[in-house]
Number of protein chains: 2
Amino acid sequence: MINKLQSPKNLAWHDVRIDGGFWGERQATNRERTIPAVYHQTKITGRLDAWKLDWEPGKQPEPHIFWDSDTAKWMEAVGYSLATHPNPEFERQVDEVINLIEKAQLPDGYANSHFIAVEPENRWRNLRDQHELYCAGHLIEAAVTYSHATGKRKLLDILCRYADHIDSTFGPNDRQKRGYPGHPELELALVRLFRATGEQRYLNLSKYFIDERGQQPHYYHQEALERGEDPLNFWAKTFAYYQAHQPIREQTTLTGHSVRALYLYSGVADIALETGDDVLLDVLHTLWDNLTQHMLYITGGVGSTHTNEGFSFAYDLPNEMAYSETCASIALIYWAQRMFCLDPDSRYLDVIERALYNAMLSGVSYEGSLFFQANPLSSYPNVSPYGHWNSVMTGPHHHRTEWFDVACCPSNLARLVASVGGYFYSVTPTRVYVHLYNQNRSQVLVGGNPVQIEQQTDYPWNGDVHLTITTARPTRFELALRIPHWCHDFRIGLNGVGISREPERGYVVIEREWQTGDTVTVTFAMSIERIVSHPQVRQDAGRVALQRGPIIYCLEEVDNGAALANVSLPSDAQLTYDFDSNLFGGVGTISGDALRADPAQWGGELYLAESVRKIPPTPFTFKAIPYCFWANRQLGEMRVWLLKS
Amino acid sequence: MINKLQSPKNLAWHDVRIDGGFWGERQATNRERTIPAVYHQTKITGRLDAWKLDWEPGKQPEPHIFWDSDTAKWMEAVGYSLATHPNPEFERQVDEVINLIEKAQLPDGYANSHFIAVEPENRWRNLRDQHELYCAGHLIEAAVTYSHATGKRKLLDILCRYADHIDSTFGPNDRQKRGYPGHPELELALVRLFRATGEQRYLNLSKYFIDERGQQPHYYHQEALERGEDPLNFWAKTFAYYQAHQPIREQTTLTGHSVRALYLYSGVADIALETGDDVLLDVLHTLWDNLTQHMLYITGGVGSTHTNEGFSFAYDLPNEMAYSETCASIALIYWAQRMFCLDPDSRYLDVIERALYNAMLSGVSYEGSLFFQANPLSSYPNVSPYGHWNSVMTGPHHHRTEWFDVACCPSNLARLVASVGGYFYSVTPTRVYVHLYNQNRSQVLVGGNPVQIEQQTDYPWNGDVHLTITTARPTRFELALRIPHWCHDFRIGLNGVGISREPERGYVVIEREWQTGDTVTVTFAMSIERIVSHPQVRQDAGRVALQRGPIIYCLEEVDNGAALANVSLPSDAQLTYDFDSNLFGGVGTISGDALRADPAQWGGELYLAESVRKIPPTPFTFKAIPYCFWANRQLGEMRVWLLKS
């Protein structure tokens, strides 16, 4: 049973000051390199100036239907960053674009740089494919974030007018269109706008979109007929690509485009919470289990196949060809956080932690200005998630690039990293949840009382976390500390005295009247774990991956030589953890004894009978680095899953 | 140094009477089911009636540019079959089509059902893509074969006129086109026509095509300009797809479309032999080694990738996604046989045997009327060599079908099986090579003397072969018996007395004055071999395949249950060979103890730390069947490469 009043509220990013540690470093890089790189690319590719509406037929580039979403996510990233790190130059850049948007907005509130300039006659005529509502959603998210960060209302006012226009255009009334976004996103954005403004219509519109999705007669079918098109002849071939093949309440399996799916279910979770809809929660539980039990990479990546940028069938997790889009892991984090609010359990945070430290972070280079869209778990020359080059089309190693034609990932990653503090804590009237561990100082209001929580830790390299409480006056509440799924042994000390607690739904709960100076020490044993996959994952059969804490490790050719597919770990291999302070600003590495079938010992034969000649594998000492930092040095082979021997 | 006079001549199919055994059964099925099925499909799809030239704009189906090649290969298959098994109905069907072709042929000799009926204005305007010369080549092969089998010259005369027309159209003179086939095949066909007719011009034209290929200025570039097209904008993107990216004498690597490549190098080998061109032989040796050391499946399949229906990069041999086209293995057999004539060594026959018994034969169902174009080495629901179905487009298991839109394989397989006797023996003035072992009675002329060789054997299930010689008069010659690459222990008896010989280039040579009643007994030890791949083949890393004699084995779900990716063979597993007389008319099977990580023992977790819960694999008894007979029972998983444990 959903109880909105009792449900945890996430402590907002601006109340969590990350002043160092792992995420402090990532946020510094994000501010200094990533956000400026995203601005630069968004600017030079014409996305920002598209709002000048000066495009003319024949002029290249033509503003694209999803350019506004890239602009919006950059503005949103700036908004998150400004809240904790003021930056007049960032603010000036965003304000300049807001002024353009203000001038571009039509009198009826419509605001889309492509459709106003390029094809005004086609406004709202193809919701299935044209991304208008998707762009509106991202602009709304930017507006909510930026107005909160700066106190400036201009963008928010623009977007309220746009949302009002959308609200009048779509709905069940006779003169309204019964459509809904082909690329979900607006659903969750409208709930954010409702929460920021208190305007109930925005919530109702979001709920309408969710309830209408997949109903018969099918809107996408009808609008195709209205365009004079064959409604069965479209790129994606099936409405499952859009999660619109059936009403949401009947859906049980993750299908289609993964970012669409995970933005959608994020919005559904918001609506379930706001409306107390237990049936929707059941649907979400089914879908969550379907994903996490069948379609989740060990890195927190999702969406196995490039074909649909999305979900494959159950247990199909190709490594070299893994699409595992950066945006999909980000969208998974959004959904997981909303699931926690509906159902406070650490399993959602386990998935957030898995995605944050691995697949999501792999999306950006260590120095901060190069990006992956696809995050495979194995890399080999001439092969990439985008396809299998043959000798006719020999290609390089999969590598990060400055930008993409479809550039959803860089700005999305920038806003996620800038707002990562927003995933650290949740609060109920009687409890403070501590989800993630990283150096930070945070302001919580619990039961109306201000409480400061400070963490000191070298997590994820070290499992020791020291929390210090500061209160204005002694305050009774429960401090709920997440015990990560990967941790099999932990100790807790309260003001220096060891205490024993069993976790409840993944959290150790300490209730007391807290006062300034109280300290809690948590020690998570961080051993090197050999992880195996479910036997149905045929791509990982006979293989093992290495994990320590939340970090998934990989071998790279630069440290280990080539032919990594043949590297095997003996079951009794000694594995050693080291902190390498010279690598990527200081990261943990794993080394140990391994074996490798050595190509150099073979002749020209492709196949050998073991009865004729058996070539024993060669022992060597391997070095594994965190997966999230791969492809930052000399390009070469990479592999997460190693043979067992 | 090529010495044409001393080089072995292959004993023709019509001099090898296969009256039972493994290939006797295959040929019976081919006659009774496959050739009639190919006729039926060729007929009902309109390929045969296309020669009536009654197509009109708008009529469906439109005769396709390569339909004539399908018709030709069916006629050629009938020709091979008639030579040893007369069949008036087959002959009537072919004669009917020959009459149509005769009427369709234009006065200048041109004969192509598509271009005459559909687009006469485009004759010879796009050699790169339009398959006219390719179809001509197959028609010539059919004509040579059919005229030899039946003594009827009509088709041969038609094709000589067509070849004369082609010869006058293409060449180095000013008024000739400097083109050559976009899909090679005519090169080898012209050499066959030269050998059948003695007309030197046909040989010269073949040599011209081979020497001109890939020269600058590039013909495909120029003809595209003449068509008013952008010469850089074409489907294949590179002339390497056509093996026309550089002159043949500069080629060192197998690239592009595999059937194109292997037909081409077959023709090049013919030209090298006929012209004594040692430089071409060096080129062919380099290319042969490149293929067999880097790009050959254990089944004798070639061409890893569907994208180009062809070669990938070195050591890239995907199993589930293996394209391994039936036609490519057939073309490989053609090339290998020609390499043997240039360079008499058993390694070429080892490849022929590998392809014949495995990848080629997998192309047809046991009952004979269903076909594979692609022959993967692993099968899993929703995945096929043609692509990776995702949950949006869930597909069945890869399975054989009655026909294909591009139907090159069925008729090609029919002609190969019908002519398989032509791969059994080669003869020089002083030597008879015995390449393949199967029950047969054959007529050889050695040094002008007729010799009959009879084989009695249950090969490939049993390694005992009994040869009986019958001569008109005592005849001195060398009997050269191939010792297959897979055989590590053999014994030879001459008239009941064991003799000891070391193989020379893979053949044990017995020289004597042979007379009627002489017998040779060869016993090839057939043990079950565990085969491993070169460590650079990352797809087979940590895995082992089972082979006995020339037969590659596989596990199917119907015998072993599912989750075959997780089946492992312990290094000390007892493996047992049995002859199962109830399966596919009697085939060898392998059984033994194996282990499998059992999905049933897992819960909902996708990943487990071995330190938390280690689920030991479950022992079971596996049963492996010959790969060539897979997918003939209940569809399900299949796998050649098994984990080692």
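Values computed for the structure shown
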quantity: Answer residue from segment A:471-521, given it is open to solvent by 60 Å² or more (accessible area, probe 1.4 Å) and among the small types (G, A, S) and is nearest to A:S346 (Cα to Cα) among those; calculated: A:S500
quantity: Test: A:N412 is open to solvent by less than 10 Å² (accessible area, probe 1.4 Å), touching a residue at least 24 places away in the same chain (Cβ under 8 Å), more than 25 Å from A:R548 (Cβ to Cβ) and polar (S, T, N, Q); calculated: yes
quantity: Qualifying positions in segment B:581-607 - surrounded by 14 or more Cβ atoms within 10 Å (Cβ to Cβ), within 30 Å of B:I552 (Cα to Cα) and either without any contact (Cβ under 8 Å) to a residue 60 or more places away in the chain or outside the structural domain of B:I551 (by TED's automatic domain parsing) (or both); calculated: B:L583, B:T589, B:S591, B:G592, B:D593, B:A594, B:L595, B:R596, B:A597, B:D598, B:P599
quantity: Matching residues, segment B:509-538, being more than 8 Å from every other protein chain (Cβ to nearest Cβ) and over 21 Å from B:N462 (Cβ atoms); calculated: B:V509, B:I510, B:E511, B:R512, B:E513, B:W514, B:Q515, B:T516, B:G517, B:D518
quantity: Selected residue [aliphatic (A, V, I, L, M) and assigned to a loop (DSSP other than H, G, I, E, B)] from A:A573, A:A594; calculated: A:A573
quantity: Residue satisfying condition, being out of contact with any strand residue (DSSP E or B) (no Cβ under 7 Å at 6 or more places or on another chain) and farther than 24 Å from B:H64 by Cα, within set B:H148, B:H138; calculated: B:H148
quantity: Filter pass, A:F115 being closer than 22 Å to A:K52 by Cβ, buried (at least 22 other Cβ atoms within 10 Å of the Cβ) and over 25 Å from the mean Cα position of the chain (by Cα); calculated: yes
quantity: Residue pairs meeting the criteria (Cβ under 8 Å; at least 6 apart or on separate chains; first small (G, A, S), in segment B:88-105; second part of a helix (DSSP H, G or I) and open to solvent by 50 Å² or more (accessible area, probe 1.4 Å)); calculated: B:A104/B:K52
quantity: Residue satisfying all of: in segment B:226-268; within 14 Å of chain A (Cβ to nearest Cβ) and among the hydroxyl-bearing types (S, T, Y); farthest from B:L203 (Cα to Cα) among these; calculated: B:T238
quantity: Which numbered condition B:A597 fails, given (1) out of contact with any Asp or Glu (no Cβ under 7 Å at 6 or more places or on another chain); (2) within 14 Å of chain A (Cβ to nearest Cβ); (3) at pLDDT 95 or above; calculated: (3)
quantity: Which listed residue is among the acidic types (D, E) and either in contact with a strand residue (DSSP E or B) (Cβ under 7 Å, 6 or more places away or on another chain) or at pLDDT below 95 (or both), from B:E325, B:E250, B:E274; calculated: B:E325
quantity: One residue from B:G592, B:G561, B:G604, B:G549 being under 30 Å from A:H488 (Cα atoms) and either away from chain A (no Cβ under 11 Å) or at pLDDT below 95 (or both); calculated: B:G604
quantity: Pick from segment B:304-335, criterion free of Cβ contacts under 8 Å to residues at least 60 places away in the same chain and more than 9 Å from chain A (Cβ to nearest Cβ), ranking: farthest from the chain's Cα centre (by Cα); calculated: B:E309
quantity: Test set (1) over 27 Å from the mean Cα position of the chain (by Cα); (2) closer than 25 Å to B:M295 by Cα - B:T523 fails condition number; calculated: (2)
quantity: Residue list for segment B:425-456, restricted to those being open to solvent by 10 Å² or more (accessible area, probe 1.4 Å) and assigned to a strand (DSSP E or B); calculated: B:V427, B:R431, B:Y433, B:R441, B:Q443, B:L445, B:N449, B:P450, B:Q452, B:E454, B:Q456
quantity: Hits in segment B:61-96 - residues which are of a type in the set (F, W, Y) and assigned to a helix (DSSP H, G or I); calculated: B:W67, B:W74, B:Y80, B:F90
quantity: In segment B:564-589, the residues that are polar (S, T, N, Q), within 14 Å of chain A (Cβ to nearest Cβ) and farther than 18 Å from B:R639 by Cα; calculated: B:S571
quantity: Residue within segment B:185-193 that is open to solvent by 30 Å² or more (accessible area, probe 1.4 Å), touching a Gly at 6+ places or on another chain (Cβ under 7 Å) and of a type in the set (K, R) present; calculated: no
quantity: Subset of segment A:400-424 (residues that are assigned to a helix (DSSP H, G or I) and of a type in the set (F, W, Y)); calculated: A:Y423
quantity: Elements of type helices (runs of 4 or more DSSP H) in segment B:271-374, at least 2 residues being open to solvent by 10 Å² or more (accessible area, probe 1.4 Å) and among the aliphatic types (A, V, I, L, M); calculated: B:278-294
quantity: Residue in segment B:194-246 that is farthest from the chain's Cα centre (by Cα), counting only those that are in a loop (DSSP other than H, G, I, E, B) and among the aromatic types (F, W, Y); calculated: B:F234
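Rundown of residues vs (1) free of Cβ contacts under 8 Å to residues at least 12 places away in the same chain; (2) open to solvent by 70 Å² or more (accessible area, probe 1.4 Å); (3) more than 25 Å from the chain's Cα centre (by Cα), yes/no style:
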{"site": "B:A609", "(1), (2), (3)": "yes, no, yes"}
{"site": "B:T621", "(1), (2), (3)": "no, yes, yes"}
{"site": "B:W630", "(1), (2), (3)": "no, no, no"}
{"site": "B:Q634", "(1), (2), (3)": "no, yes, yes"}
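The values are calculated or read from the model by the stated rules, or taken from the named source; none is laboratory data. Quick caveat, the model's predicted, so the values are computed rather than measured. No Cβ is skipped: glycine too gets one built from the backbone with ideal geometry, and neighbour counts run over all protein chains shown. The protein model used for the area step is the full one, side chains on, heavy atoms only, and it has no ligands, DNA or RNA in it. Shrake-Rupley method; radii C 1.70, N 1.55, O 1.52, S 1.80 Å.
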